[in-house]
Amino acid sequence: MKKNITLTAFLLSFCSFAMAQSYTVQSPDKHITLQVDNKDVLTYSVTLDGKTVIGESPMGFELKGETPMVGNFAVKNDAKVVSGIESWTPVVRNKHAKCEVPYNELALVLKEKSGQYRQMDVTFRVMNDGVAFRYGLYGIPVLGNREIMKELTGFAVPEQSSLWIPDFAYEQEGKSYKSSQEGVFEKTPVRDIKTAIHAGLPGLIEIDKDNYLAIMEADLDNFPAFYLGRSSAPANGYQMLETKLTPIWGCDETGPKARFAEKVQSSWRVVMVGHNPGKFIESEILRSLNPDCKIADTSWIKPGMCAWDHWWSAECKMEQDVIKQYIDLASHEGWPYMLIDWTWYGPYCVPEADILDVAPQLNMPEIISYANSKNVDIWLWLRCEDANNNDQYKDAFPEYHKWGVKGVKIDFMDRDDQDMVNWYHRIIKACADNQLMLDLHGAYKPDGIERTYPNMLTREGVLGAENYKWGEKMTPEHNVTLAYTRLLTGQMDYTPGGFLNVTAKEFKGQSPTLVSNTRAAELSKFVIYESPYTVVCDHPDNIYNQVGEDFLQIVPTTWDDIKFIGGTIDTYVALAKKSGNSWFIGALNNSQGRTIALDLSFLPNGKYTIEYWADGKNANKKATDCVHKSIPFTVSDKNKTLKVNLANAGGYVAVIK
């Protein structure tokens, strides 16, 4: 919903000289300035408080059999800056109970002044926490599909900048863009980025210690996802990062990236801009760039915690009694859901797979009846190929709804090309039509679609807790870095809750699965990581009667407000999230113990009670050492911080009332 729309010509600087046009658009708070230059070529640049954070950068496309669309444009519309506020009340409160994102917007309708007279629209939007722009392309006199071969959008960042690049497995089965998008984000000087790589998003960029960018995309539909790359050396003090679109499935890097016969829009190319990357975590910029909710009746969409039968043993024990054991866990903890993972139906990922054919050892009606008697509902896992084969999902989803199933987890897509993006939309809509909530694994990064389809409750696309089974990548540094990188795009099905906590020296990949951080650190993930459908990973016997079990019974999965209250990407992260009249605090540390001062200035002066779960005195030697206490605390003009000791790989959670 947009409101308070006014024309603000005073924000628009327009000059016409020697065939050149320039437009300037500022953020509502005046800190961010976007300049667009329509000269021989179309370019843009961005400044933050007067400092250039993106230098003059190209725009446009190369299309098969056509000259590049890069310039020689006439502006065909009355280009004025429009001010507005994107305002909505989210069905699912990922971060806020009410969202308002003010912006200034400039729309350009561009048509070539000679040659084929092709049209390209570009809409620019500048908000207080970033800039965004998207393209519109059209059909041409030659009937049939046009093919995008390359997007020419660049991001010219100062050459001393660094980019956090996720070390995805960028190639599977000989396909260079086939990836589950699970990796460790590694800080890399932009000038050292390998020219062959396509770096996954979100792309957090440190210009210097006071200026940061985060590149991502929003409202991705009927278009391929994009990555960042480097093909040239720095020039004039800037390193040009280029846009790399995912090729059409089956094509290589030199092949077509998208096909269209009539108007198509790219996703929004989004750049968060600010002085502190921790503040990016609070942003609603991606969801603000997506359409309003399209589901008329949303009363059936109910986020919550979920027990899960897969993680602890590294395999599913698909037995009736085991499933009931996890249902009992959910019931005991007050969680609304239990997820039945793979092998609940017959053979999977084979042509004869049938996603309505329950495994012979299971009685699904009895399982669902038993769960309902315990106030628990069931989710089911599906392999994407099985759901798609012969359009099985179209018959299965209505049946699942009749069974009483509340949601599905669909796995192993591992792609983000144009066809796969469109498949996501079909699946999300089909789930909504049958009142099924959705969790996507083997998934590409979020783009804010959960505003439009709030049954999309979470997705993977993260190197999460299941990776503790296999090796050394799951470090405290990785867990902290996730908050400043992957989490910026939103929902993240990390599956926290591993209670077999050990020190780094004690850790090894095994089953049952160990977790190399403290118990308090594990609890903090439930506050810090965003996932309205939060899947708890551990076995019931490892949770019952343990310190922190009581916290898992009270921590919400949706929130009314969020505040970044401390940390840096190379040390720790601390967030405060509001639920009703209570504030939940989560702090997650890297491998180096430290004492921190949490910023509680968001609280009005007054007397409070803080109930906390913190690292014990021996947590560096015994990771399960976790202290649970309640203390009085007074916030005043002279006392706005809370001192907290964090162990190595430690953490802290609290409830402030």
**Study point:** Estimated translational D of region 219-304 in µm²/s (Stokes, Kirkwood radius over Cα pairs; 37 °C; 0.692 mPa s)
**Key:** 194
Point to revise | Accessible area per residue in Å² at 1.4 Å probe, computed on region 397-530 | key: 23
Point to revise | Radius, Kirkwood style, for region 118-275 when every pair of distinct Cα atoms is counted (Å) | key: 16.6
Check your understanding: Using the alpha-carbon atoms, what tilt in degrees (0 to 90, nearest 10) does helix 418-433 show relative to the longest principal axis of the chain?
Key -> 50
Review point. Quick one: helix 320-333 against the long Cα principal axis of the chain, what's the angle to the nearest 10°, folded into 0 to 90?
Key: 80
Review point. Hey, any idea what the orientation-averaged projected area of the convex hull of region 295-418's Cα atoms comes to, in nm²?
Key: 8.9
Check your understanding: How would you order 42-50, 380-388 from highest to lowest mean count of nearby Cβ atoms within 10 Å?
Key -> 380-388, 42-50
Review point. Within the P(r) computed for region 38-93, what percentage of the Cα pairs occupies the region above 16 Å?
Key: 69
Check your understanding: Suppose R0 equals 56 Å; then what is the FRET efficiency for Asn390 and Thr195 from their Cβ-Cβ distance, rounded to the nearest 0.05?
Key -> 0.85
Review point. Helix 519-528 versus the longest principal axis of the chain: what is the Cα-based angle in degrees, 0 to 90, to the nearest 10?
Key: 40
Review point. Accessible area of Ser591, 1.4 Å probe, to the nearest 10 Å²?
Key: 50
Check your understanding: Looking only at Cα atoms, what is the convex hull volume of the chain per residue, in Å³?
Key -> 159
Check your understanding: Whose amide H sits under 5 Å from the amide H of Ser161, counting only residues 5 or more places off or on another chain, with H placed in the peptide plane?
Key -> Val190
Study note, to complete from the structure: If each K or R counts +1 and each D or E counts -1, the residues other than Lys409 whose Cβ falls under 11 Å of its Cβ total -3
Revision key, fill the gap. Rounded to the nearest 5, the percent of DSSP beta bridges in the chain running antiparallel is 85
Check your understanding: Of the accessible area of region 138-242, with the probe set at 1.4 angstrom, what percent is carbon plus sulfur?
Key -> 49
Exercise for review: Place a +1 charge on the Cβ of each Lys and Arg in region 125-200 and a -1 charge on the Cβ of each Asp and Glu, then give the dipole magnitude about the Cα centre in debye, rounded to the nearest 20.
Suggested key: 300
**Study point:** Diffusion constant of region 475-612 at 25 °C, which comes from Stokes-Einstein with the Kirkwood Cα-pair radius and 0.890 mPa s, µm²/s
**Key:** 155
Review point. Using mean Cβ contacts within 10 Å as the protection proxy, how do 152-159, 58-65, 351-358, 214-221 order, highest first?
Key: 214-221, 152-159, 58-65, 351-358
Exercise for review: Could you please state how large a percent of the accessible area of region 374-532 is carbon and sulfur, counting protein chains only and using a 1.4 Å probe?
Suggested key: 44
Practice item. Would you calculate, for the chain, the mean residue ellipticity at 222 nm contributed by helices, counting each DSSP H stretch of 4 or more residues as -39,500 (n - 2.57) and dividing by all residues, to the nearest 500? Key: -4000 deg cm²/dmol
Check your understanding: Where a Cα-Cα gap under 18 Å defines reach, which aspartates and glutamates qualify for Lys294, not counting those fewer than 8 residues away within the same chain?
Key -> Glu86, Asp219, Asp221, Asp433, Asp447, Glu450
Practice item. Only Lys, Arg, Asp and Glu count, each charged at its Cβ (+1, +1, -1, -1), so figure out the dipole size of the chain about its Cα centre, rounded to 20 debye. Key: 1880
Practice item. Go ahead and run the numbers for FRET between Glu62 and Asp297, Cβ-Cβ distance against an R0 of 51 Å, rounding to 0.05. Key: 0.70
Revision key, fill the gap. Expected sort for 618-624, 497-503 on mean C-beta neighbours within 10 Å, highest first, is 497-503, 618-624
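The values are calculated or read from the model by the stated rules, or taken from the named source; none is laboratory data. Quantities reported herein were computed from a predicted structural model and do not represent experimental measurements. No Cβ is skipped: glycine too gets one built from the backbone with ideal geometry, and neighbour counts run over all protein chains shown. The accessibility values were calculated without ligands, DNA or RNA, using every heavy atom of the protein model including side chains. Shrake-Rupley method; radii C 1.70, N 1.55, O 1.52, S 1.80 Å.
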